[in-house]
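Novice: Starting off with a structure, shown below.
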Amino acid sequence: MKISSQSFEHEKAIGPVNAFAKPDAQAHMILSDNKNPHLAWTDAPEGTRSFVILCVDKDVPSKPDDVNQDDREVPASLPRVDFYHWALVDIPANITEIAEGEFSNGVTPKGKSGPLAAKDMRQGINDFTNWFAGDHDMKGDYFGYDGPCPPFNDALVHRYYFTVYALDIDTLPLTGSFTCADVAEAIAPHVLDQATIMGLYSLNPKVSF
């Protein structure tokens, strides 16, 4: 399979329009357009009955102690963990492209609704749900796409992996609300092929990418 995007190039910068937050000279960062990127894919294998899209940031600090602190930097050497930004499931086999902003257009405090999405697709709960759990104004279930928002003091550029999976089933065997991690586990026995595009993002003005 092959995957491409009109929103960003592989291993190049993701634009602020596709991010949850963008740099700001006074406040370090402010909320951004938060549009899901355009994605298109080709060459799905014979027997494909549906697709799944997952987006994961592989570079989230494993310890939050230094995150978004004015007087210190999150060192690049700190061990990193996964942070899921999106799970879109039950994409019909005849759909091989989604438009920019089709599933997310702006930041929704307390999270977008779900799991039902357009065209009878479903979306998982992303990891902003846990991140905002202690924030009175933002806590809630964050379904669907919410884009990059790395720490403004992180020395490391974050990598965002968008992967489309071709599955041998029409509907993912998950009911009710589910997380992106649930999706990653559920698709494992059903993947026929996959393709990934990776984009870069940082809110740290000292970091070039």
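The values are calculated or read from the model by the stated rules, or taken from the named source; none is laboratory data. Just so you know, these numbers come straight off a predicted model, no measurement behind them. A quick note on method: Cβ atoms are made from the backbone with ideal geometry, for glycine too, and the neighbour counts reach across all protein chains shown. We work out accessible area using only protein heavy atoms, side chains counted, and drop any ligands, DNA or RNA first. Shrake-Rupley method; radii C 1.70, N 1.55, O 1.52, S 1.80 Å.
Novice: Considering the stretch 22-44 alone, what residues qualify as being open to solvent by 60 Å² or more (accessible area, probe 1.4 Å), assigned to a strand (DSSP E or B) and in contact (Cβ under 8 Å) with a residue 40 or more places away in the chain? Outline the logic, then answer.
Specialist: Filtering the stretch 22-44 down to residues open to solvent by 60 Å² or more (accessible area, probe 1.4 Å) leaves 22-23, 25-26, 28, 30-31, 33, 42-43.
Add one more test, that the residue is assigned to a strand (DSSP E or B), and what stays is 22-23, 28, 30-31, 42.
Selection gives Lys22, Pro23, His28, Leu31, Thr42.
Novice: A follow-up question, please. Could you please give the count of residues in the stretch 95-117 that are over 26 Å from Asn204 (Cβ atoms), open to solvent by less than 40 Å² (accessible area, probe 1.4 Å), of a type in the set (A, V, I, L, M, F, W, C) and in a loop (DSSP other than H, G, I, E, B)?
Specialist: So the count comes out to 3.
Novice: How many residues are under 15 Å from Pro64 (Cβ atoms), in contact with a helix residue (DSSP H, G or I) (Cβ under 9 Å, 6 or more places away or on another chain) and polar (S, T, N, Q) when one looks only at the stretch 110-156?
Specialist: Adding up the residues that qualify gives 0.
Novice: If you take the residues of the stretch 73-87 that are in contact with a Ser or Thr (Cβ under 9 Å, 6 or more places away or on another chain) and part of a loop (DSSP other than H, G, I, E, B), which of them is least open to solvent (accessible area, probe 1.4 Å)?
Specialist: If we filter the stretch 73-87 for residues that are in contact with a Ser or Thr (Cβ under 9 Å, 6 or more places away or on another chain), which is where we start, we get 78-81, 84, 86-87.
Right, trim to part of a loop (DSSP other than H, G, I, E, B) and you get 78-79.
Values: Leu78: 35, Pro79: 84 Å².
Here the residue is Leu78.
Novice: Of everything in the stretch 118-137 that's open to solvent by less than 30 Å² (accessible area, probe 1.4 Å) and in a loop (DSSP other than H, G, I, E, B), which residue is farthest from Leu39 (Cα to Cα)?
Specialist: Phe132
Novice: Within the stretch 85-100, restricting attention to residues that are within 14 Å of the chain's Cα centre (by Cα) and among the aliphatic types (A, V, I, L, M), which residue is nearest to Leu172 (Cα to Cα)? Reasoning before the result, please.
Specialist: Residues of the stretch 85-100 that are within 14 Å of the chain's Cα centre (by Cα), as a first pass: 85-89, 100.
Now restrict to residues that are among the aliphatic types (A, V, I, L, M): 87-89.
Numbers: Ala87: 12, Leu88: 10, Val89: 7 Å.
Result: Val89.
Novice: Could you say which residue among Asp57, Asp66, Asp90 is in contact with a Lys or Arg (Cβ under 6 Å, 6 or more places away or on another chain), touching a residue at least 60 places away in the same chain (Cβ under 8 Å) and not in a loop (DSSP other than H, G, I, E, B)?
Specialist: Values: Asp57 fails: in contact with a Lys or Arg (Cβ under 6 Å, 6 or more places away or on another chain); Asp66 fails: not in a loop (DSSP other than H, G, I, E, B).
Exactly one of Asp57, Asp66, Asp90 is in contact with a Lys or Arg (Cβ under 6 Å, 6 or more places away or on another chain), touching a residue at least 60 places away in the same chain (Cβ under 8 Å) and not in a loop (DSSP other than H, G, I, E, B), namely Asp90.
Novice: So Gly140 fits all but one of (1) at positive phi; (2) touching a residue at least 40 places away in the same chain (Cβ under 8 Å); (3) among the small types (Gly, Ala, Ser); what number is the exception?
Specialist: For Gly140, the failing item is (2).
Novice: Let me ask another. Do we find a residue being more than 19 Å from Asn18 (Cα to Cα), modelled with pLDDT of 95 or more and in contact with a strand residue (DSSP E or B) (Cβ under 8 Å, 6 or more places away or on another chain) anywhere in the stretch 100-112?
Specialist: Checked the stretch 100-112: no residue is more than 19 Å from Asn18 (Cα to Cα), modelled with pLDDT of 95 or more and in contact with a strand residue (DSSP E or B) (Cβ under 8 Å, 6 or more places away or on another chain).
Novice: Scan the stretch 155-168 and tell me whether some residue there is surrounded by fewer than 16 Cβ atoms within 10 Å (Cβ to Cβ) and in a strand (DSSP E or B).
Specialist: Checked the stretch 155-168: at least one residue is surrounded by fewer than 16 Cβ atoms within 10 Å (Cβ to Cβ) and in a strand (DSSP E or B).
Novice: Kindly indicate the residue of the stretch 169-183 that is under 18 Å from the mean Cα position of the chain (by Cα) and outside any strand (DSSP E or B) and also surrounded by the fewest Cβ atoms within 10 Å (Cβ to Cβ) among those meeting that condition.
Specialist: If we filter the stretch 169-183 for residues that are under 18 Å from the mean Cα position of the chain (by Cα), which is where we start, we get 177-183.
The next check asks that each one be outside any strand (DSSP E or B); those that pass are 177-178, 180-183.
Numbers: Ser177: 14, Phe178: 21, Cys180: 24, Ala181: 17, Asp182: 17, Val183: 25.
If we take residues in the stretch 169-183 being under 18 Å from the mean Cα position of the chain (by Cα) and outside any strand (DSSP E or B), then Ser177 is surrounded by the fewest Cβ atoms within 10 Å (Cβ to Cβ).
Novice: Any chance you could count how many residues in the stretch 56-72 are surrounded by 16 or more Cβ atoms within 10 Å (Cβ to Cβ) and farther than 23 Å from Val107 by Cβ?
Specialist: The number of residues fulfilling the criteria is 1.
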